Each structure stands twice: as structure tokens, then as C-alpha cells.
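Comments concern the structure below.
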Amino acid sequence: MVTPSTAIFTQSYRSCFAPLIPLLTSKKKCHEIIVRLTGSKNACGQGNCGACSVLLSEFDHKSQTIRHVTVNSCITPLFYVHGCAVTTVEGIGTSRDGLHPVQKSLVQMHGIQCGFCTPGMVVSLCCLLRNNPTPTKADVERAIEGATTNHDGGPIIFISCHRVEELQAISVNDKKLEFGAAVTFTKMEDHIRKLEIEGAKPVVSAFLACIQSLASDQLRNVAVKFVGFYKTPRKRPVGSAGTTTALVLDTGGHFIAYLEGLSPKIIKLDVFSYLPETERTIQSLSLDKFDRILRKRLSEEKAETRDDLVNLSAGVLQKFQAVVNETTPEAESPHSELPIHCRSDIIFDEVPDSQPQTDPVWRPLPQTTAEDLVSGQAMFIDDMPSYQNELHLCLVLGKRARAKLVHVDWSAVKACPGVVDWIDHTSLNGRNMWGIMAADEEIFASKEVVYWGQPIGAVVAESREQATHAAEKVRIDYEEMQPVLTIEDAVKLESFIEGAVVIERGDGTEGFLRSNQVVEGTIGTGAQEHLYLETNGAIGVPKREQHEIEMFVTHQAPTFIQKSIASCLGIPFNRVIVRHKRTGGAFGGKESQPVKICVPVALAAQRTGRPVRGILTREQDMAITGKRHPYQFQYKIGFSKDGVLQALEVKVYSNAGCSRDVSLEVLDCTLNFIEGCYAIPNVKIEGRLCKTNTVSNTSFRGFGIPQAYVAMETIIDHVAHVLKIGSKQTVFHRKHSYKKRGIAMMAIRFQMGYPVSLLNQSTALVHVYLDGSVSLSHGGCEIGQGLNMKIQQIASRALSVPLSKIHIAENSTNTVANATATVGSCTTDLVGAAVLNACGEITNRLQPFKEKKPNASWEELIIDAYLNRISLSVMAQGRPGDGGVYYYTYGAGCSTVEIDCLTGEHKVLSTDIVMDVGRSLNPGIDVGQIEGAFMQGYGMMAVEEWTLNDRGEVESKNPSRYRVPDVGNLPRDFNVTLLSDSPNKQAIVYSSKVILQQKVFT
Ligand code: FES
């Protein structure tokens, strides 16, 4: 008999399945069968991102073949894998036993950044190759659809009896196509693809396109029914669209459509249950009637949401109707949307032939840890093996946006199994306050909660599941108050943090007088979630002496993490060692925010005397961490009739959230960059920070500048519109009724160097060992941007030793102290300056021995120096120039976009970016960063939409409710050029310019 405990695993099995196992078998048996492998990652826990993909291979007795599919292990019930071979990335290839060709090409082609999701991508591609050794580009795109980026999807209903033959049945005749209830979408698609129904080609294609638009292969391989998302962007050109699922099915000359709409409030539409049987075909359903039905069904919804859903659903239907009736041009049919495959050109300067092969600078070399990342051997925080006696921590989060805490009752927690401790604001020996620029936010809310999701305390238990279960038992009585949620509310109530910041130049009054025309307007930008793949987490290991504690934290600011733990625990900095190997993506979101989990973990470890692990779930992470600041810009611009800008006045309001964090510094950047590349003689810009009852917003790639550029480009559009410049009816537009195309160009600049001089410093520690190998430590954090690789390249040239001799083990506060955070795109230059100084000193110390023995090898020189008692360890500071701005980097981008006016879908047809990065230290890394940052900027502008409800509760609480770009959103033609022959004359490191944040704007 098949029972979960007899499930067969022929390869490997990962704990990602663990959350579901307790439902199916005893705890003991689970632990017996779990082999702790680290390759597949739990990044969302909801089947949205593909980071946990594993390969299932199953023998199909009917066809006598082996079927290979990928599934998301985080949501796949254990019983589903019975009888299957389960292959995780470890079973595909390792650096020790040899990499699979897929892994090798990801390494060679720079297909890795932070690497957290890479193993999932490897599994998906290997599965594809097993099924199809000669895949097309479209097959490859489809295979990694769910593995590369977070992806749209939704709750899935698995059919537990998926091996019941009757439920797998597929029958077809000329009138009807029937699928058994356990037929997966993949099987359905395979079957439909082979169908040959006369005259039904457009409908079959449309139906296939519908299936393919449902989530990813990993989900379609196991899902039999979706409450999911049709791949329509949340953002439409006008207003915001809802999301809906549309399945269209041919029934002998007619077709029916089944729609499910899903707004953040989970509204389910079943149009056809409202129609008489005879009218369940699109031909017999007028759009007016459809509109009425939907509006009735959605009568309780907000007007805006209702309109969006109705418009979108009607558009989808109208489009299908037009396609099937063949009343639209070929170019507007779904055929035109099916694979226009991605292509891309990358252009950069090759190194000169005269450069020695051993000199790695300026070469597009893969990261030295790339092989470990593609094979899942690279360790992130939650991959670290459990300590003996380890405890687990789960935060208790407030569920009001603004309320007094009347009573917090922990009594039920105490009775829960496995609970060891519970902590709140009274548990801290040090301060309950924290903040990166001002300590104005509580670690645990004491009297009042000031945003929905604010930590109130934490539970510590023997297992993660026990801690999570007990945390839900805390009873909290609130006295609710009216929250301030929006910029408009804050302005009305004058709820501000600090005073106004004003930048003024020229004479505005005079400028407006000289203008022929003056226009005014308001533009807003929303919040953006960082959605790094590795959620915030920490492991605290208390030492038995002198209050020492060792912390492993995923972060990008070692000194701030160390300082916060020390100050909250009431111990000196030197008792806190913060260690860091790598971070699975950060984008600014791990500068200050890790404090919210690492301080409770440190406190729990201190109190219990046992190691404590606290890893946020995706929902917890999205609830408690700050976002990109939402803005409102009220502008007035004056210009002459030939389009010369004369005067600009802008009032800028930033939603800082409940505390200051780095909001003022972000606002400063916004104000300073609002003019972008335009020269305006008379300018007055005034900025205010709004204090609201939302999570405190924080650093995000671009640091306030993307919002500034959005505002300025909108203002320029406004001027162009008034002057009727730039818009043109093209042949394409005349030919196409509901598809329209547009082109946009912009130029950007970004500064290297923090305006605050003291931050422009870094430290590096270089040890040379007696075998000639070099250990390098520095204050920067590897967060997927390729910092360590570039630093190794710099050190290799500076010491004239091969790259293979240099190793960066980790970043730690007890090797390099007082490090500046890895933010602001400055770290490569600052750390690079320190490494050049340290390596220069080592070279100087070796020089006398080299003069004595000009032909001596590096290893011989090291031994000579050691025998002469010359220290081979150097710590050096990098503090280029006097601080401030060292140089600017520049870039320009041009994109062509096609919009479907019926559904709001759009495609970026082409994007061309040219960036000036001086002489790129590593073009492979830089191009990857440019492409990734462009997609993040595109997500901000065209896809992502973060929302709160009226009470201040986050609606975008997980990746199912917050869509980010995926492979399908990549520009079809994506070209990146690093400006040729443009060495940086003000370079700090080898003619290069730093690169990271700026591309997000293009
Ligand atoms: S962790 Fe499983 S899909 Fe994201």
C-alpha cells in the first residue's frame, strides 16, 4: 500500500518539502527521510519563484517511457513524489564531480548574480534537455519562466488522486473536448497541440496561449485547476488593470470562455454560472450584457477595481471574439504574440593583445564562486547546518496600522509544545530603539503599534514549526486609532518628519515671466518591494564568556548591524562579531532592515544561552521591511514656444513611513537629480518627508533618483504634448486598431562618491601565506553584484599573482572594523582603493628581495620575506581624494513598446542601452548588472504595484499578490553596449567607473 512513509526517493530529497510532511507522516519519519541538501531554496514558499525546483522522473507504464517534469518542491505534497526519482541540483552536477553542460554555460555566460535562484534554473533547464535534447529558444525561455524571477501564479488545487486513471482521461470528438479532473495543464496543452480541428486553428492557438499564460512550467506540470493570473500587467497605460484568468475552449465551431478574475481581495468571477445554459458562448453574449453581469457580480467592490476588472475582462473577450471571427489583422491575432524570441547583442572593448594572459583586469571572467552557485553548494544563511541545541525564533506581528496596545497576553504561548522563551520590549538590556540615522523606531512595539506588521515580540521554540504555531497564539487587545496612510492624508494633517528641504537657483518669478506658457500638474510614484530572493534571516550563537555573541546575518551593512545588536543588548561593539559570506540579493533593502530580525535573534540567543535561528517567511519579510519611497510631485514649468525650459517649481512629498531611516538622504538625492539631464536656469524645488502609519521606507537601488527621473520625464512629456512635439501617427497605428506602439529615449547621469565625506572610506586586510596564497578581507558585502570577483581581479593585478591564488572567505566585523555599508554604487571603488594600498604595501615589502633575485618566483619571494621576519599581512585604508563626488557616469537608453489596448498587455519590443563605465573591470558582470537593473526599473514603472487596504494592511503580501517581471517581460531585442574607448580619467581603480544603480533609470 502506498503511504507517505514508503515514498521512494532515488536521488535526493530536500527539506523544502518539509512544511507539508507533518500533515502526512509522523515527525520522526520525516526526519529520517530528509537528507539535508542546500541546492533548492525556499524563497517564496508559494510556488511563485521556482527557486525550489526539483526534477521528478516517473515511469509511464502506458507509453513505457520515462516522463521528466520540474515541480516547485515548496508546494508539492510529499505523496505526489511517490515512485518518482527526485533529482535536486546536487544530483545534476557539482564542482567536485563535474558540472553539467547547462551549469557550465551559466558560469561561462555570466548567467548568475546573487545565485540564490540559480539552482532552480539549472534544474528546469536540465529537465528540458532530458525531454528535448534540441530545444528551441522558445522552449528555453519557457523552461526558465518560473525559475529566473518571481512569477505570477496563485493558489493551486492539486488532485490528490492524480494517479486515478479515470481522472486522467482525455476524450475528443467534433463537438466536445473533455479533460479528466486530474489532467494537468501541461498534459492538456500537449494534447491540444496535436489536435487538428478543421477551421479551429485560431481558437486552438488562442487556447494554447491562455494555458501558457498561466504561471510557469513547474506549476502547469502539476496543477489541474488554477485560481491564477492571466499574464496581464497590473499597470495599464491608463489607471490600473485587475488580473484575470481566461480560458477559452473550442466546442465545435463555437467556443466558450471561462473567466476568473482575481483582485487583491480575491474576487472570483464565474461568468457562466450567471448565464442561462443556452447563452454560454461568446457569440451569443453581447459585451453590454457581459459588462452588466460583471458589474452586478462586483457591486461590492471599489469603483476603480470594478471598472478595471470589467474593462479588462471585456477586452479579453472582445479580443478572442475578434480573433476567432477573423475580423482582425493577422498581426493582432494571438499568433503575433507567440514567440518573437529574445535576442541580444552585448558590445564591449576586448583587452589589448599586449595584456598578459595572467592579468585578469578588464576581462569578462565568471565569478570565482560561480561553480558553487550553479551547483547549489554555495551557502546562504539558512543553508548553514543546524547547531546542536539550536532554537528557532518567530516574530509576533501587530495587526493594526495605528493602535494602542491595551493588553498582550502570552499565556497561551507558554502552554504550546516546544516553547522555550518569549520576548518583548521588556526583555532588552539595552535600548528598545533603533535607526540608521536616528534611533526613532522601536525594536518591539511597547505602547502603540505604528504600522501593520510591526513586531511586538517573538517566540523561541525547539523547532521552526513550533515557534510559528505558538506565535499565532499571542492575544493582543488594541485600541484602534485612525491611521495616516497616504501622502495626501499626511499633507492635510501636516504629519511630517523634520523640516522642508529647499533647493533654489536663479529667479523663478523672472523665469515664469519670460515663459510663453506655463503648465502645472501632479505626478505620483508608488512603493516598490525589493523582493530579493533570500529573505531576511539571522543565526545567533552565544559564547559562554564576556557576553560575546557571533551573528550570521544576511545584510549589506556590517557596522550598522553590529552597532544595533550591541546597543539593544547593552554590550560593547567588540562583543558582537557579525559574519557574512554572501547575501541572496539586497538592492538596498538589507541596509537597515535586517535589524528587525537579527536583534530579536541575538536577544533570544543571549537569554537562552543557545544558538537561535530566525528566518523570515516571504510574507513576514514583505510585511515588516521598508520599500522604495512613494512620491508625489506637484510641478509648475514655464517654457518658450520653441520648447526652451525657463523655470521649474516642484513640491516633492515623500512617504517616509513611520520613521526616518534614510528617507532624508533619499529625498536629498531626489531633489538634486530632479532636473536630470535638462538645463533649466530658474529652479525651486521643495521637499517634505511625510510621516505615515506604514512600514518605514528605506534604501532602494537608485536611492530616490528613479522617482526624480519619472517626474522630470513626465514634465517634459507634458511640455511636448502642449507644444505638439514628438507624437506621430505611424503606418503601424493606422493599420492596427487595438495595438499601438511607442518609443521612448532618455539619458541619465549618476555620481560616484557619497556627498557625506566620512562615508568615502573602506579597509582591506591582506594576508599572504607561506605557500603564496593570498587571503583578502574587506568591508564590502557580496550581494550578487560581483564585488568579490572585481576585488580579486584588482588584487591579482596589484600583486602580479594569478587570480587563483586569491581567496575572499567572508566579511566579518572582527577582521575589518567600521566598514561603510555596501550601498550607493561606491563599494568597488572604495574597497578597490583600500586593496590597491594594501597590495602596494606588500609589493613594497617584497621589492628588496626581488631586486636581489630578479628571477625568483612569487612563492620564493614570500619565503625570503618570511625568513627575514618581514610581515606578510597588511591592513590598509582606502580614502580616495577629499571625498564628495569623484566623477559621474552616464548612460542612455531607448525602448520600443507595443500595447494591446484591449487587455492592457504590453511587450517591450526592443531596448538599447549604452553605458559609460570607463574601462569596465569586468564587462561580463557589468552587462549583467545593467540588464538586471533595467528590468527592475521596468518592473517599477510597468508591472509592480504595491497596495494597502483602507485600514493600512498590506495587500501585496506575497508574490502572488505582487507581480514582478519575469522572462516573458524581457525586451525581445535587448542590446547593451559599454561605451567604447572611454577610460575614466578620474578613475580610482584601473580606468574604470563604478556601475550599479544608474541603469535602473534607463
Ligand atoms: S520557493 Fe518554491 S516557488 Fe518559490
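The values are calculated or read from the model by the stated rules, or taken from the named source; none is laboratory data. It should be emphasised that the depicted structure is a prediction, and the values quoted were computed from it without experimental measurement. Note that each Cβ is placed from the backbone with ideal geometry, even for glycine, and that neighbours are counted across all protein chains shown.
In the range 385-416, how many residues are touching a helix residue (DSSP H, G or I) at 6+ places or on another chain (Cβ under 9 Å) and crowded, with 19+ Cβ neighbours inside 10 Å?
Qualifying residue count for the region: 8.
Looking at Val666, Val601, which is the one that is closer than 23 Å to Gly824 by Cβ, crowded, with 21+ Cβ neighbours inside 10 Å and of a type in the set (Val, Ile, Thr)?
Going through Val666, Val601 in turn, the sole match is Val666.
Among the residues of the range 80-99, write down those that are buried (at least 19 other Cβ atoms within 10 Å of the Cβ) and hydroxyl-bearing (Ser, Thr, Tyr).
Tyr80, Thr87, Thr88, Thr94
Are any of the residues in the range 137-147 free of Cβ contacts under 8 Å to residues at least 60 places away in the same chain and under 24 Å from Gly585 (Cβ atoms)?
yes
Return only the number of the condition from (1) within 30 Å of Gly702 (Cβ to Cβ); (2) modelled with pLDDT of 95 or more that Gln517 does not satisfy.
Condition not satisfied by Gln517: (1).
Looking at Thr94 and the list (1) within 16 Å of the ligand (Cβ to nearest atom); (2) in contact with a Gly (Cβ under 9 Å, 6 or more places away or on another chain); (3) of a type in the set (Ser, Thr, Tyr), which single condition is not satisfied?
(1)
Residues that are over 20 Å from Glu390 (Cα atoms): list the strands (runs of 3 or more DSSP E) wholly contained in the range 508-624 that include at least 2 such residues.
517-525
Restricting to the range 645-677, name every residue that is over 25 Å from Glu520 (Cα atoms) and part of a helix (DSSP H, G or I).
Ser663, Leu664, Glu665, listed by residue number.
Kindly indicate whether Gly120 is in a helix (DSSP H, G or I), within 18 Å of the chain's Cα centre (by Cα) and within 12 Å of the ligand (Cβ to nearest atom).
yes
Between Arg734, Arg701, which is in contact with a strand residue (DSSP E or B) (Cβ under 9 Å, 6 or more places away or on another chain) and among the basic types (Lys, Arg)?
From the options Arg734, Arg701, the qualifying one is Arg701.
Would you confirm, using the coordinates I've provided, whether Lys473 is basic (Lys, Arg) and touching a strand residue (DSSP E or B) at 6+ places or on another chain (Cβ under 8 Å)?
no
Between Ile624, Ile539, Ile549, which is over 30 Å from Ser825 (Cβ atoms) and touching a Lys or Arg at 6+ places or on another chain (Cβ under 7 Å)?
Testing whether each residue is over 30 Å from Ser825 (Cβ atoms) and touching a Lys or Arg at 6+ places or on another chain (Cβ under 7 Å) leaves just Ile549.
Within the range 544-555, can one find any residue that is loosely packed, with under 14 Cβ neighbours inside 10 Å and modelled with pLDDT of 95 or more?
No; the residues of the range 544-555 include none that is loosely packed, with under 14 Cβ neighbours inside 10 Å and modelled with pLDDT of 95 or more.
Could you check the range 696-801 for strands (runs of 3 or more DSSP E) lying wholly inside it with 3 or more residues that are farther than 24 Å from Thr525 by Cβ and modelled with pLDDT of 90 or more?
Here the list reads 762-768, 774-778.
Any idea which of Asp661, Asp621, Asp642 is free of Cβ contacts under 8 Å to residues at least 60 places away in the same chain and not hydrophobic (A, V, I, L, M, F, W, C)?
Asp642
For the range 40-83, give me the residue count where each residue is within 16 Å of the ligand (Cβ to nearest atom) and part of a loop (DSSP other than H, G, I, E, B).
Result for the range 40-83: 18.
Can you say whether Thr820 is in a loop (DSSP other than H, G, I, E, B) and touching a Cys at 6+ places or on another chain (Cβ under 9 Å), as far as the supplied structure shows?
Taking the combined requirement at face value, the residue satisfies it.
Restricting attention to the range 759-776, does a residue exist that is closer than 15 Å to Lys581 by Cβ and under 31 Å from the mean Cα position of the chain (by Cα)?
yes
Yes or no, residue by residue, for (1) modelled with pLDDT under 90; (2) closer than 30 Å to Glu534 by Cα:
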residue	(1), (2)
Cys901	yes, no
Arg919	no, no
Phe934	no, yes
Glu953	no, yes
Pro959	yes, yes
Arg963	yes, yes
Asp973	no, yes
Gln998	yes, yes
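Which numbered condition in (1) assigned to a loop (DSSP other than H, G, I, E, B); (2) in contact with a Gly (Cβ under 9 Å, 6 or more places away or on another chain); (3) within 19 Å of Gln466 (Cα to Cα) is the only one that Arg400 fails?
Evaluating Arg400 over (1) assigned to a loop (DSSP other than H, G, I, E, B); (2) in contact with a Gly (Cβ under 9 Å, 6 or more places away or on another chain); (3) within 19 Å of Gln466 (Cα to Cα) leaves (3) as the failure.
Give Ile539, Ile565, Ile561, Ile571 a once-over and let me know the one that is closer than 30 Å to Thr670 by Cβ and not assigned by TED's automatic domain parsing to the domain that holds Val816.
Matching residue, one of Ile539, Ile565, Ile561, Ile571: Ile561.
Within the range 375-384, is there a residue that is assigned by TED's automatic domain parsing to the domain that holds Val541 and either among the aromatic types (Phe, Trp, Tyr) or in contact with a helix residue (DSSP H, G or I) (Cβ under 9 Å, 6 or more places away or on another chain) (or both)?
no
If you go through the range 742-775, how many residues are of a type in the set (Val, Ile, Thr) and surrounded by fewer than 21 Cβ atoms within 10 Å (Cβ to Cβ)?
The number of residues fulfilling the criteria is 2.
Can you confirm whether Ala500 is among the aliphatic types (A, V, I, L, M) and assigned to a strand (DSSP E or B)?
Against the criterion (among the aliphatic types (A, V, I, L, M) and assigned to a strand (DSSP E or B)), Ala500 qualifies.
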